[in-house]
Structure formats: structure tokens, C-alpha cells
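The values are calculated or read from the model by the stated rules, or taken from the named source; none is laboratory data. Nothing here was measured: the structure is a model prediction, and the numbers come from that model. With ideal geometry, Cβ positions are generated from the backbone for all residues, glycine too; neighbour counts draw on all protein chains shown.
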Amino acid sequence: MENKVIEGKTIRDWTQEYPLMSKIISTEEVFWTNPKYEKFEDAIKKVSLSEEDVKDAEERLKRFAPYIAKVFPETQKNNGIIESPVVRIPEMQKKLEEMFGQDIQGELLLKCDSHLAISGSIKARGGIYEVLKHAEDLAIENNMLTTADDYSVLDSSKFRDFFSKYSIAVGSTGNLGLSIGIMSAQLGFKVYVHMSADAKQWKKDMLRSKGVLVIEYASDYSKAVEEGRKQSEADPNMYFVDDENSSSLFLGYAVAASRLKKQLEEMNVVVDKDHPLFVYLPCGVGGGPGGVAFGLKLAFKDNVHCFFAEPTHSPCMLIGMMTEMHDKVSVQDFGIDNITDADGLAVGRASGFVGKTMENLMSGCYTVKDENLYVMLSALVDTENIRLEPSALAGMPGSVKLFKEAAGQEYIAKNNLKDKMADSAHIAWATGGSMVPKDVMDAYYKKGLGLSLI
């Protein structure tokens, strides 16, 4: 294996150039800080997307709000805006300190995208947004809608009949497929969700119950995406939601940041140069965490520090960013199997678009063992009575790792944050969980009770 050549270098060469690579290949937990991280004003000049693009996405979601409130009654209390709460989790913070034997300076919060309306995961942001944007584009192009209209008119047989002439396809490990499938079917589109082997059965069952055609593969996420792309290329009326390269998905996620800013203000959580904010985002292909982190950097600039969290068996963004090879390399190239219970994060090759966009904006990346996700899952139920799916726990140990790991301490020192950490805030971004069937969640909980941190 050491002599296997990847992008012109043997694995031995890669491990000599990047000492952390040996641990990554051995599927040990690691904490990596990004040597290319820069001040916001320098980094943003290298990015093609702007604040205007995010505002455009935000305005589009406002236009669709009357329609969403009409067809998804659970969104009515927020007037059709799909948003999740932020909660303080002091008991879980104490539990993490006890479990890891490490104090967490500052306050730990949970962003509950696990409880987003409609599809119960962070994918309700990007996935639903991209479907809505496509629907709007089609309706405007065909002179059926103007941006001045009340979009609740979309809930009519006239529009459903119109959209039924078109199809939408996506490749997914589960949650993106749910959000795309539910929203597309509601509008009237024909929907094809190409599901990888690690997708949970209940997610496939739920999609089929909505009239979505689910196509299953014995291989991983990359194959599902590849087949979805191939299918749509053969049909001019089919639109492919490209999780690896979509700027629309990315911008849908980025809208989260301005809303979070308001929520933190309402909670009296200050974010400024003396009160740094650290955000820990579970990462699969990278679109969700990348988009959210991009929005956060626009909102808070140098006062926010974003870390991506991946399973030890699927560290595609970490390998892509660390080697600067992005989507040219996969975890399988390095002999890592990409098999994890964190189904939403079971991705072997990261998005090159996201990796390059976030190259100078992302603070770092760390990995978590599946067993530890379960232990924290059970602990969160016991301490705060909040239920998440395993992949959503990847953000949970970020704060404790920042203080415990030498690389985290170096990051704090290098960015002159040492004397500010007592006034810091830490957000673990919970990406999914509320739609997990009770029997499945009970099994997750029991599994976590039977394990201890490793």
C-alpha cells in the first residue's frame, strides 16, 4: 500500500509530507488546523460568490414563504420561513467536560437544524432552496409568474400540471434526497433520488411514500451522484441537483448565517473581537457546512472560526483540504473504506467547488469515531432530552477538542484568542434527527449506552 501512487506521489510520500496522514489512514481521531486560513478581508477577495448572492437567495426564500406556509402548515408559526432554534446546552457541556477530562471555556450552544421543518435536517436549507429556485426560473421563463406575485398561487392544479412535465434528480446518502424529494413532489415535479448503499431504510421508505422514485445502489455516494447526473444529461426536461458543484445549494445554506446572527442577539450572545464564536459543522461532501460557514464569515468576519467535522472512515474534506488536491483524491485512494454509521457524512470524495471556495476561510477540520458519536448521542438525550441522528453529533466534541488538542491550543495562540476564550461561544451544528422513527432512535440510544469513549 505504501508504494501506491496517488496524484504522482506514493502513500509513503504523502505521509512524509503530511505527518497527520498516517493517523488519518489508521482511522484515528485527528484535529487539523488550516495553514492557508487568512484574515477575512484577504480571503474573500479570492471567492467568486458575494454577500449580494446570499441576499438574493434570502429574498427568494421570502418570496416563497406564503407558498411554504400554505402547503407545510408546520411552518406557519414562522410565516413560511424554514428556520431552527438555537439552544443553550449547559448540562451537555458539563457532561462533555467530564467525559473528555477537559474544561470548555465559554458557553456551548446547539443549532437545531435537526428540527428544521419539512425534512428535519440541514438539507432543508440548500436542498429546498435549489428546488424552489428551479421552480421559479421555469415559471418565470414560461410567463406564468413574476417576482411581484403572491407565490401561494403555486399551490394550484395549474402549476402542478405545469411542473409535472419536468423532472428533478439527485444523488444522496439520505437527507438531501429527503429534502429534494419532499419539496419537488409537493410542487408537482417527477423526482428521482439515487441513493447510496449507506442510506437508511426509513429515509427510502419515507421518500417512496411521497411518490418519489428511489433508485438504490450497492456502492457509495459518488456512484449515486454519477448515475443521477447521467440520467439527467439524457433528458432535457430533467434538472440535476449537483451536491458536489452547486452554487445554488451553497447559497441556500449560507442564508442561515444572517438568521443566526439575529437569534444570538436575541439570546444576548455577543460576537465581536473580544467574544469569539466557534462553530463546528458536520461535513459530508461539503455543501452544507461550506455554505453555512461562508455565510457566517460574511456575517461575523474574523470573529467567527469554523471547523468541519467528519467520521474517521470518511475524512474526504480533511484529506482534500490538507493535501490541496480537493476532489482529485478520495478516501478510498488512501485505503480508507468510507463505511460509517454517520450516513449523511459517508462521502469519499469532497466537493472541489466547496474546498476551493473555503480554502482560506475555514479554520480547520477534525474527525470522530462512530462509537463516540453514539456515546454523545445517548449523553445528549440524558442531559438535555434532545435526540439527534449519529451524524449530527459530529459537531458536538469540537469545543472540547479545541481546548484539549495541541493543534487547537496553537490555533488559539496564533490568532491571539487566549485571553478571550472565557468569553467565547461555541455552536455545535446539529444537522439531522427529528424525523428518525422512534424505534430507530431508541436503538441508537441503547447502542450509545453500551459504549464508552474510545
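Structure data summary
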{"item": "One residue from Y239, Y280 being in contact with a Gly (Cβ under 7 Å, 6 or more places away or on another chain), in contact (Cβ under 8 Å) with a residue 24 or more places away in the chain and not in a loop (DSSP other than H, G, I, E, B)", "result": "Y280"}
{"item": "Wholly enclosed helices (runs of 4 or more DSSP H) of segment 344-454 bearing at least 3 residues touching a Ser or Thr at 6+ places or on another chain (Cβ under 9 Å)", "result": "370-384, 406-414, 438-449"}
{"item": "Selection status of V270, touching a strand residue (DSSP E or B) at 6+ places or on another chain (Cβ under 9 Å) and among the β-branched types (V, I, T)", "result": "yes"}
{"item": "Yes/no for S391 being polar (S, T, N, Q) and either crowded, with 23+ Cβ neighbours inside 10 Å or in contact with a helix residue (DSSP H, G or I) (Cβ under 6 Å, 6 or more places away or on another chain) (or both)", "result": "yes"}
{"item": "Some residue of segment 144-161 being assigned to a loop (DSSP other than H, G, I, E, B) and among the small types (G, A, S)", "result": "yes"}
{"item": "Residue in segment 181-193 that is outside any helix (DSSP H, G or I), surrounded by fewer than 24 Cβ atoms within 10 Å (Cβ to Cβ) and aromatic (F, W, Y) present", "result": "no"}
{"item": "Matching entry among G355, G335, G344 (being in the same structural domain as L298 (by TED's automatic domain parsing) and buried (at least 24 other Cβ atoms within 10 Å of the Cβ))", "result": "G344"}
{"item": "Residue that is nearest to the chain's Cα centre (by Cα), among those in segment 397-425 that are farther than 15 Å from L109 by Cα and charged (D, E, K, R)", "result": "K401"}
{"item": "Segment 371-386 - residue that is surrounded by 19 or more Cβ atoms within 10 Å (Cβ to Cβ) and in contact with a strand residue (DSSP E or B) (Cβ under 9 Å, 6 or more places away or on another chain) and, of those, nearest to S246 (Cα to Cα)", "result": "L373"}
{"item": "Evaluation of V214 against (1) more than 19 Å from V440 (Cβ to Cβ); (2) outside any helix (DSSP H, G or I); (3) touching a Gly at 6+ places or on another chain (Cβ under 9 Å); (4) of a type in the set (A, V, I, L, M, F, W, C) (one fails), failing number", "result": "(1)"}
{"item": "Test for E97: is it in the same structural domain as A257 (by TED's automatic domain parsing), out of contact with any Leu (no Cβ under 6 Å at 6 or more places or on another chain) and surrounded by 14 or more Cβ atoms within 10 Å (Cβ to Cβ)", "result": "yes"}
{"item": "Single match in I104, I140, I82 (criterion: in a loop (DSSP other than H, G, I, E, B), under 27 Å from M238 (Cα atoms) and β-branched (V, I, T))", "result": "I82"}
{"item": "Candidates I412, I427 - the one that is in contact with a Leu (Cβ under 9 Å, 6 or more places away or on another chain) and free of Cβ contacts under 8 Å to residues at least 40 places away in the same chain", "result": "I412"}
{"item": "Leading residue by the ranking (nearest to S248 (Cα to Cα)) among those in segment 330-355 that are under 13 Å from the mean Cα position of the chain (by Cα) and among the hydrophobic types (A, V, I, L, M, F, W, C)", "result": "V354"}
{"item": "Extreme residue, surrounded by the most Cβ atoms within 10 Å (Cβ to Cβ), among residues of segment 19-39 that are assigned to a helix (DSSP H, G or I) and in contact with a helix residue (DSSP H, G or I) (Cβ under 9 Å, 6 or more places away or on another chain)", "result": "I24"}
{"item": "Exclusive hit being touching a Pro at 6+ places or on another chain (Cβ under 8 Å), buried (at least 17 other Cβ atoms within 10 Å of the Cβ) and of a type in the set (S, T, Y), set Y166, Y67, Y151", "result": "Y151"}
